[in-house]
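The values are calculated or read from the model by the stated rules, or taken from the named source; none is laboratory data. Because the structure is a prediction, the values reported are computed rather than measured. Using ideal geometry, Cβ is built from the backbone for each residue, glycine included, and neighbour counts are taken over all protein chains shown. Ligands, DNA and RNA are stripped out before the accessible areas are found, and what is left, the full protein with its side chains, is counted by its heavy atoms. Shrake-Rupley method; radii C 1.70, N 1.55, O 1.52, S 1.80 Å.
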Amino acid sequence: MSPTPDQFPKAWPTIKATLAAEASAEQWDIAIGKCLDTRLKLRYFDPIEAITASRKLKGEGFLILTIQCSILEFLASLRRGWNYRQGAAWGIDFEYGGSKRLYVEFLCQNPPFSDWFPTEERAEDFYKNIRCGLVHEAQTKDGWVVKAGKSQHPLIDFNAKAVNRDEFGRAINSYLADYRHALRGDQNLQDAFKRKFDNIYFHATAAQAFANGA
């Protein structure tokens, strides 16, 4: 049975203690499951599935793609072990103060996204007209539209200016599968994982519900 969302912050000190330099692949699998997978499932993937199940095709693609854009930034910052702070200098103290570079480099450097974003120009197009349009103005911009239907449309078509939210979800899952595998043996990714979840733990413990034992 999957742990509830509240179990992550309370369990993190114990989980982190097991992730010493010689932590086994099995110990990392437990950490991945309790911290990363459960967090994404309960906060993001389950809500996306519920929205998708409505099958109304009356605008829910905007909401789904907005959530996916949020997931992308989390995955990009998780891979580096960096945390957002407004005004922060790029990379100093493992922080960043702007999302554009983080987003663009992530899309261009990590499969399967790099297969669809071979140039920074294309990644910037997505960031500016889709990610920022949806997050800041609740719209796509410059003629971009959101499509649905697995395999009916490519993940992204720069000529037709169309992005497929179903294929985007599949790409996220594909990336996560590769990331989980790499995390078991990559010290840099492991250090980044611990930094990121230390930060999540710090903010979670500041919440009144956590302080009250919820």
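With 28 Å as the cut-off, how large is the P(r) tail for the chain, expressed as percent of Cα-Cα pairs? Tail of P(r) above 28 Å: 32 percent of Cα pairs.
Placing a label point 7 Å from the Cα of Val145 along the Cα-to-Cβ line, the residues of segment 33-75 whose backbone N sits under 15 Å from it are 57-62. Comparing Gly143, Gly81, Gly169 in a Gaussian network model of the chain, where Cα atoms under 10 Å apart are tied by springs, the biggest mean-square fluctuation is seen for Gly143. The length gained by stretching the chain between Glu26 and Asp191 to full extension, at 0.36 nm per residue less their Cα-Cα distance, is 57.7 nm.
Once backbone amide H atoms are built at 1.01 Å from N, Asn83 has Glu95, Tyr96 as its partners under 5 Å, excluding neighbours fewer than 5 places away on the same chain. Our coupling estimate for segment 108-123, obtained by passing each phi through the Karplus curve with A = 6.51, B = -1.76, C = 1.60 and θ = phi - 60°, is 7, 10, 10, x, x, 5, 5, 5, 9, 10, x, 10, 4, 4, 5, 5 Hz, Gly and Pro reported as x. Once the Cα atoms are used to define both axes, helix 7-18 deviates from the longest principal axis of the chain by about 60 degrees. What the Cα convex hull of segment 105-214 gives, in volume per residue, is 156 Å³. In this structure, the pairs whose alpha-carbon distance is over 27 Å, taken from Lys10/Lys100; Lys147/Lys194; Lys100/Lys196, are Lys10/Lys100; Lys147/Lys194. Starting from the Cα of Lys150, draw a straight line to each of the aspartates and glutamates and keep only those under 12 Å, dropping any in the same chain fewer than 8 residues away. Partners within reach: Asp166, Glu167. Taking label points 7 Å from Cα along the Cα-to-Cβ direction, Ala138 and Glu121 give a separation of 3.4 nm.
Taking a ≥ b ≥ c as the square roots of the eigenvalues of the Cα gyration tensor, segment 19-85 is oblate, since a/c reaches 1.5 or more and a/b is not larger than b/c.
For segment 135-161, the residues whose amide N sits under 17 Å from a probe point set 7 Å from the Cα of Phe62 along the beta carbon direction are 135-148.
Considering all C-alpha pairs of segment 106-165, those separated by over 20 Å amount to 22%. Solvent-accessible area of segment 107-160 (1.4 angstrom probe, protein heavy atoms only): carbon and sulfur portion equals 42 percent.
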